[in-house]
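Trainee: Below is the structure I would like to discuss, written out as structure tokens.
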Amino acid sequence: MSSFGSPGSGPYTGKPIPPQRGSFPLDHDGECKAVMTKYLSCIKKVKGLNDEECRNIAKSYLACRMDRNLMAKDDFKNLGFASDPNANTAPGSEAQGR
């Protein structure tokens, strides 16, 4: 007979690892739901590829969360959105005057 859980059937003794950027509140009121739904549709349309259009929607979603204090404000380059010299500055970008 095998027991449910990890091999050795002993209690889990590992320490939990917190997320890199901490936790943030869920969007219980659906303030950013429209942008999230648009992003999920985009991902489905491109079959999970890292498409530029979907990345821009993801950036808009993060901006929505930051604007509504659902996550800490941070620079987009710290969130994986490197500045693109070919693109115009995105809404919320602070690199316009440099």
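Trainee: Once phi is turned into ³J(HN,Hα) by the Karplus curve 6.51 cos²θ - 1.76 cosθ + 1.60 with θ = phi - 60°, what whole-Hz value does each residue of region 67-80 show in order, with x for glycine and proline?
Mentor: 5, 9, 6, 8, 7, 5, 5, 8, 6, 5, 5, 6, 9, x
Trainee: Roughly what would the spin-label model give for ASP29 and LYS77, points 7 Å off Cα along C-beta, in nm?
Mentor: 3.3
Trainee: Next question, about the same structure. For ARG68 and GLU52, calculate 0.36 nm times their separation in residues minus their Cα-Cα distance, and state this gained length in nm to one decimal.
Mentor: 3.3 nm
Trainee: At 7 Å along Cα-to-Cβ for each site, give me the label-to-label distance between LYS45 and LYS15 in nm.
Mentor: Placing both labels 7 Å along Cα→Cβ, they lie 4.6 nm apart.
A short reminder: the numbers here are calculations on the coordinates, not readings from a lab. Predicted model, so just to flag it, every value in this text is computed and none were measured. Cβ sites come from the backbone with ideal geometry, for glycine too, and all protein chains shown count toward neighbours.
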